[in-house]
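Presented below is the structure to which this report refers.
The values are calculated or read from the model by the stated rules, or taken from the named source; none is laboratory data. The model shown is predicted, which means the values in this text are computed figures rather than measured ones. So basically every Cβ, Gly included, is an ideal-geometry build from the backbone, and we count neighbours across all protein chains shown.
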Amino acid sequence: MAISVTPQEKAVLRNITIPPRPEVLLKIGEETKKEDCNVAVIADAIASDVGISAAVLQVVNSAAFRRAREIESIHQAVMMLGLKRIYPIVKAVALRSSMKSSAELDEVWDLASDMAMACASVCNHCGKPALADNAYMLGLFHMAGVPIMMQVFDSYGDVLALSKTQGWDAVAEQERNEFQTTYGTIGALLAQTWKLPSQLVEVIYYHQDIEGLFGSDELPEVTLQLLAVLKIARRIVAEHRGSYEVEQEWAAAQDGSLAQLGLDEFGFDQLLDKVLLDLAGGDSD
């Protein structure tokens, strides 16, 4: 199911600049199109950006990725994990470096980083390890529209403040009324521009309004699984942070999300404990 942009949103989007893909992603994209794709060239491209390469190493050595041995270099990471696993991680960590920084946005990025870790951890602990890399990318990118909205709309800080007490889903209507678009729509357009997989674009676009999606055939199975992972991760991250603004969102998403991943309440409680341990930097084996 493709994303849909209203005429009002199209008018707003004329004044919004979607950040282009960073140079390192362009280089990787060019190399992967070649028949004789050279992974050493790709590793060199990643390593040439000190900030991105350091962040990638931090991610692949984190608890969510469950490495038995520490990976010490980008070249080692590419050789051990392979391009299909490393490319989503590079895209994810490149996102933050592509946008301006501020104290308010640093809070958003910290939350998104926790979400990325939790999404990957949920996949690893509920029998979906093949989804972990894209889930990590989803955790970061699902909030990517927020910094863009902050840069364009002076009053978006009020929405940011409201989200801390009511949760992001609850402010979607205010976003539409005041700005004629939502951070989910802007994030989905960014994801398209950065050539993320279509299922991630769909989850980012629909995650603020999931009514009727679980149990339907409107979205592919893998998209629904990733949507469930995202909703479960949001609930767990809220517990990790000692915040309760997602209670309304979780009440609406709980049954569908757990069913989508084959979990009952006991299974969720076990999953919650394991992911919380990963977020705390522990060993959940």
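Observations
- Residue match in the stretch 134-153 (condition: polar (S, T, N, Q) and more than 25 Å from Pro88 (Cα to Cα)): yes
- Residue within the stretch 219-236 that is modelled with pLDDT under 95, over 17 Å from Gly139 (Cα atoms) and surrounded by 14 or more Cβ atoms within 10 Å (Cβ to Cβ) present: yes
- Number of the exception - Glu104 against (1) under 19 Å from the mean Cα position of the chain (by Cα); (2) of a type outside the set (Gly, Ala, Ser); (3) surrounded by 16 or more Cβ atoms within 10 Å (Cβ to Cβ): (3)
- You will find that of Ala63, Ala43, Ala54, the residue that is free of Cβ contacts under 8 Å to residues at least 40 places away in the same chain and either crowded, with 18+ Cβ neighbours inside 10 Å or of a type in the set (Val, Ile, Thr) (or both) is Ala43 and no other.
- Every pair of residues 6+ apart whose Cβ atoms lie under 7 Å, when the first sits in the stretch 194-208 and is touching a residue at least 60 places away in the same chain (Cβ under 8 Å) while the second is among the basic types (Lys, Arg) and in a helix (DSSP H, G or I): Trp194/Lys91; Leu196/Lys91
- Among the residues of the stretch 201-218, those that are buried (at least 18 other Cβ atoms within 10 Å of the Cβ), under 16 Å from Ala172 (Cβ atoms) and not β-branched (Val, Ile, Thr) comprise Tyr205, Tyr206, His207, Gln208, Leu213.
- Ile86 vs. criteria of a type in the set (A, V, I, L, M) and buried (at least 23 other Cβ atoms within 10 Å of the Cβ): yes
- As a summary of the residue check, Glu202 satisfies the conditions (1) in contact with a Gly (Cβ under 9 Å, 6 or more places away or on another chain); (2) among the charged types (D, E, K, R); (3) within 23 Å of Leu95 (Cα to Cα) except for the one numbered (1).
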